[in-house]
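> Handing you a structure now.
Rule-based calculations on the coordinates, nothing more; no lab input. No experiment lies behind these values; they were computed from the predicted model shown. Here the Cβ positions follow ideal geometry from the backbone for every residue, glycine too, while neighbour counts run over all protein chains shown.
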Amino acid sequence: MPGLVDLKSSLEGRKPEYVIDVNRDLASNVGLSIGSLSNTLRVVLAGQTATSYEDETGLTHDVVVRVAPEYRTSFDDLSRIPVATSAINPRTLSPIMVPLGQVAQIHPSGAPAEIKRLSLERMARLEGNYQGRALTKVMGDIKKRMATVPLPPGYRIDIGGETKNFVETVGYIIESLALAIIFVYLILASQFGSFLQPLAIMLSLPLSIVGVLVALLLTGDTLNMLSMIGLIMLMGLVTKNAILLVDFANKERERGATRRQALIDAGEIRFRPIMMTTFAMIFGMLPTALALGEGGEFRAPMARAVIGGLVTSTMLTLIVVPVVYTYLDDFGGRVVAWVTAGKRARVKDAAEELPAGPEPEGVPAD
C-alpha cells in the first residue's frame with residue numbers, strides 16, 4: 001500500500017514448534033486421557049526430576065530424566081513416542097503402549113516470541129509510519145482493505161496510535177469551534193442589542209472556511225491539527241471586518257441616514273481600516289506560513305489556513321454582509337410590525353369588552 005513505511009508486527013520472530021492435535025474419540029477408545037498424554041510428553045520432552053545426589057564438595061544436584069536430544073527433534077521422533085493406555089496386557093500385566101502418531105495429528109507451527117495483552121485480551125500489534133501521503137488518506141485505504149478481510153469469530157480490529165489521537169483531537173476541536181461560535185454570537189448580541197445583526201456579522205465565518213480550504217489545496221497541506229487550530233483562530237479574527245461595517249452603518253442610521261446610504265458610507269469609509277488590519281495580520285503570519293526558522297514546517301499549516309481565511313473573508317464580507325444585513329433588517333421590521341399589530345388588536349378587543357360606565361350627572365341625555 002503506498003504511503004506505508006517502517007512496518008513491523010508483534011507476530012514477527014515466531015519460534016518454531018510442533019502442534020499436537022489429539023483425536024479425543026480415538027484416545028478415549030484406547031483408554032487414553034489428555035492428562036496422561038500431557039504427563040508423558042512432559043517427561044519425554046522436558047524431563048522430570050527423578051532424584052538428587054550430593055557430590056564430594058557437598059553440593060546437591062538434581063537428576064533429570066528425559067529422552068536424548070537425537071530422539072526428540074523430528075516429526076518422526078514425536079510420532080514414535082510410546083504412550084501408556086489404561087488397558088492392561090493380559091500376558092505381561094503391563095499397560096498397552098501406543099505410538100503418539102496413532103492417536104494425534106502432529107504438524108509444524110510457530111509460537112509468538114511474546115504475548116501481548118490489552119484489557120485482559122490477547123492482541124497482535126501492527127505498527128508503521130506514513131510518508132508521502134496524508135494520514136487520513138493512508139488510513140482510508142487501510143480501512144477499505146480491512147473491510148475485505150474475513151475475521152474468525154471472536155476477533156476484531158481496533159485502530160490506535162496517531163490515528164486514534166487524531167480522531168480524538170478532531171472531536172475536541174469541533175467542540176472548541178462550536179463553543180467559540182456560541183460565545184462570539186452572545187458577545188455580539190449583547191454589544192449590538194439585537195439577535196439578528198450578529199447573524200449578518202457571523203456570516204464571515206463560513207466565508208473564511210472557503211479561503212482555508214483553497215489555501216491548503218494550493219500549498220499541498222492537509223486539514224490537520226495545526227490547520228484546525230488556525231480555523232479556531234479565524235473565528236475571532238474574521239468577524240472584525242463585519243463589525244466595522246455594521247457598527248458604522250448603525251451609527252449613520254441613528255444620525256438620520258437611510259439604510260442604503262448608511263451601508264454605502266460604511267463600505268467607503270471603513271474600507272481603509274479593514275484593509276489595514278487585514279494586511280497587518282497577513283504579513284504578521286507570513287514568516288510562519290513560509291516555514292521560516294526551526295520547526296517552521298510544523299506550524300506552517302496554521303498560518304496558511306489563517307491567511308487564506310482572511311483573504312476570502314475580507315473580499316466577500318464587503319459584498320455579502322451589507323446584502324444580508326438588508327434582508328435581516330427587513331425581516332426584523334416585519335416581525336416587529338407583526339408583534340405590534342397583534343398587541344394593538346388585543347388592546348382594541350379589550351377596550352370593546354369593557355362595560356359602559358354611568359353617565360355623568362347634569363348632562364342631558366340624547
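> How much length would be gained if the chain were fully extended between Glu12 and Arg72, taking 0.36 nm per residue of separation minus their Cα-Cα distance, in nm to one decimal?
Length gained between Glu12 and Arg72: 19.0 nm.
> For Ser33 and Met123, what does the FRET efficiency come to when R0 = 56 Å and r is the distance between their Cβ atoms, rounded to the nearest 0.05?
FRET efficiency, Ser33 to Met123: 0.95.
> Here is a follow-up. Mind checking which helices in the chain clear 30 Å along their axis (Cα) and have mean Kyte-Doolittle hydropathy of -1.0 or more, DSSP H runs only?
161-192, 296-353
> Another question about this same structure. When only DSSP loop residues count, what chymotrypsin sites (Phe, Trp or Tyr not before Pro) in region 283-331 have their Cβ near at most 12 other Cβ atoms within 10 Å?
Listed in order of number, the matching sites amount to none.
> Which whole-number percent is the relative contact order of the chain (Cα, under 8 Å, 6+ apart)?
16 percent.
> Spin-label point model (7 Å from Cα, Cβ direction): what's the Val5 to Phe283 distance in nm?
My value for the distance between the label points is 3.9 nm.
> Which of the peptides 314-324, 177-187 is most tightly packed, and how do the rest follow, judged by the mean count of other Cβ atoms within 10 Å per residue?
Those peptides, ordered most packed to least, come out 314-324, 177-187.
> Also, I was wondering about something else. Going by Cα centres, region 269-335 and region 10-85 are how many Å apart?
For region 269-335 versus region 10-85, the Cα centre distance is 77 Å.
> Could you bin all the Cα-Cα distances of region 163-352 into 10 Å bins starting at 0 and give me the percent of pairs in each, rounded to whole numbers?
9, 30, 29, 18, 9, 4, 2, 0, 0
> What percent do you get for the relative contact order of region 163-352 when only Cα pairs under 8 Å and 6+ apart count?
Across region 163-352, relative contact order equals 31 percent.
> Using just the helices of the chain, give the 222 nm mean residue ellipticity in deg cm²/dmol: DSSP H runs with n ≥ 4 each add -39,500 (n - 2.57), and the total is spread over all residues, rounded to 500.
The helix-only estimate for the chain comes to -18500 deg cm²/dmol at 222 nm.
> Ok, one more. Suppose R0 equals 56 Å. What FRET efficiency, 1/(1 + (r/R0)^6) with r the Cβ-Cβ distance, do Gln102 and Glu56 give to the nearest 0.05?
Computed FRET efficiency for Gln102 and Glu56 comes out at 0.75.
> Next question, about the same structure. Quickly rank 124-134, 153-163 as a protection proxy: mean count of other C-beta atoms within 10 Å, highest first.
The densest-packed peptide leads the list: 124-134, 153-163.
> Right, another one. Students often get this wrong, so try it: which of (1) 41.8, 151; (2) 19.8, 61; (3) 20.8, 70 is Rg and Dmax of the Cα atoms in Å as calculated from the structure shown?
Of the labelled values, this structure produces (1).
> Once you place label points 7 Å from the Cα toward the Cβ at Val63 and Ala291, how far apart are they in nm?
7.5 nm
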